[in-house]
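Notes for the one structure printed next.
Derivation of every value follows stated rules applied to the coordinates shown; laboratory data play no part. Being a predicted model, the structure only gives us computed values, none of them experimental. All Cβ positions, glycine included, derive from the backbone under ideal geometry; neighbour counts span all protein chains shown.
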Amino acid sequence: MPAPQKLTTQAGLKRRSRLRIWAKKEGSAYLFLAPYLILFLIFIVLPVAVAIGLSFTNFNAIQMPRFVGLQNYIHLLTADSVFMQYVLPNTLKFSLLVGPIGYILSFLLAWVLAQIQRGPRTVLALLIYSPSLTAGVAMQVVWITLFNGDPSGYINSLLLRTGLIHQPIQWLQSPEYLMTIMMVVTIWSSMGIGFLAMLAGVLNINSEMYEAGYIDGIKNRFQEILYITIPTMKPQMLFGAVMAVVSTFQAGAIGVQLSGTNPTPQYAGQLIVNHIEDYGFIRYEMGYASAISVVLLVMIWICSKLVWKLFAEKD
């Protein structure tokens, strides 16, 4: 009967041999993934973990964090009147209108562009995509000038000349108009990476599927979109929907850029991101700002799950 020490040695050799075989087969793949995994851990996982931890503390960025438990969350949901009366309703209204409208427009524009020749399609796709790249510059050069509250502003000047108004309107300082302008500008600049993904999805659909569809009874373009185009490009539709959810919930700079103040006038354009910046970088209540960030993260996660269930492939 072999000695126990010899059996242990043989088992160790077998484990090392299996480890070498695994390293040869799988090690190179993990080596290539290592830079991404390291950066993902440092810049995504670690900051989220720190934010969740700080959300249970009272932290002013100078003194050491002091643990307060769920006090920040309780205050946010029961005592923060600005959040419950303005910020949360504004965010939901903004997201539920801008997200679906921008998403539907992205799909429709992608489908329309797919019907024309390659040259004009490339030029038009670039023109439609460019506002998402130059939104900050366009905000200052185009939209603020367009809605300037002085008589020299383009909208005010036009309305004064036609006699529709007798006094210039403070478009960007008025709670009555600010949210609507924010939605218009955001939709205008929302044709970003989601739009390009949908365009690629439409262009990669095999034309034979449309021919087979018409043989099976499809009679018009609407049925073609409903029964062939959308089901075939579900991965791109899912990606575009997730990007729309994330971008609309993370929007916040738009209201501050247009109005020039944070908080926005009478909190008319105040979104959750603005509330985070207000408490985090103006009041330096980092613990409370972290709690708001966690609430925003949960909202995005819930909406993303709903979108995933709607568009994900079913086995």
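Once you mark the GluC sites (Glu not before Pro) that are in a DSSP loop and have at most 13 other Cβ atoms within 10 Å, what is the longest gap between them in the chain? The segment 1-175 is the longest one with no such site.
With Cα atoms defining each centre, the range 168-219 and the range 37-65 are spaced 36 Å apart in the structure.
Within the chain, what's the longest run with no trypsin sites (Lys or Arg not before Pro) in a DSSP loop and at most 16 other beta-carbon atoms within 10 Å? Give the range, please.
In short, 1-218.
Pairwise Cα separations in the range 81-311 fall into 5 Å bins from 0 onward with the following percentages, short to long: 1, 6, 12, 14, 15, 14, 12, 9, 7, 5, 3, 1, 0, 0. Taking a ≥ b ≥ c as the square roots of the eigenvalues of the Cα gyration tensor of the range 92-183, is the shape rounded (a/c under 1.5), prolate (a/b larger than b/c) or oblate? Note, shape of the range 92-183 comes out prolate.
Calculated on the alpha-carbon coordinates, the convex hull of the range 175-315 measures out at 133 cubic angstrom per residue. Build a GNM of the chain with springs between Cα atoms under 10 Å apart, and of Ile292, Ile230, Ile165 the one that fluctuates most is Ile165.
Kirkwood radius for the range 233-315, taken over all pairs of different Cα atoms as the inverse mean of 1/r, rounds to 14.2 Å.
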